[in-house]
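Nothing in this text is a laboratory measurement; each read-out follows from the coordinates by a stated rule. In this text the structure is predicted, and so the values were computed from the model without any measurement. Note that we place each Cβ from the backbone using ideal geometry, even for glycine, and neighbour counts take in every protein chain shown.
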């Protein structure tokens, strides 16, 4: 079964750091570009970061630029999001999502992991 | 404030046809593909339409997408109670070098 499973969420203080992981199963991560998308409580979807299959191209939303870093380890079939200088407004469910090969359609999503930034 | 504009809510009765609109600009919808996602309560989003009007396998043909200029639409025909969900449009934005989402439309089946 094709699946993405996120982990690493939790409670973190403002200004703190957190690293999210996303492990793929049922397919090879190495052939797909990947994304992180978040959803604040009661709000809509917000795209966070994109990384190409070879890590050669990375895009970040302005809201996280300079604070969040997306990376991947294709040998471990894993995607990561290093989040630094966290703010209250970063509180959200964070989803990892796979792009269809040769496409920018996110066709497989994880179940999400919740990050709460609060003192 | 979302870059793409969607009405916050829509409604219809079973069997009816409903259309959800998404408005953007020349830097996003006007020059790139539009994608639609369905999010049922408490679940992850599901890809509904890609490349403006293509349906992934498994998505019923009751769902259709279209695009004209800087706007796009998702149409749902033969409305069913299980279609009650939030619907989001998204596109790449050349000016922002990133994906942008609409604010979402909550569809209620009366």
Average beta-carbon neighbours from other chains, 10 Å sphere, peptide A:76-89: 0
The protein assembly as shown: proportion of alpha-carbon pairs further apart than 23 angstrom, %: 47
Antiparallel content of DSSP bridges confined to the protein assembly as shown, in %, to 5: 90
Distance between modelled label sites at residue B:82 and residue B:94, nm, 7 Å Cα→Cβ extension: 4.0
Chain B - Kirkwood radius from inverse mean 1/r over Cα pairs (Å): 13.8
Computed lengthening from residue A:78 to residue A:7, 0.36 nm per intervening residue step minus Cα-Cα distance: 24.5 nm
Residue B:61/residue A:25 FRET efficiency (R0 30 Å; Cβ-Cβ; nearest 0.05): 0.50
Rounded Å value of the spacing that divides the Cα centres of segment B:1-77 and segment A:82-119: 21
Spatial separation of Cα centroids for segment B:90-110 and segment A:18-76, in angstrom: 18
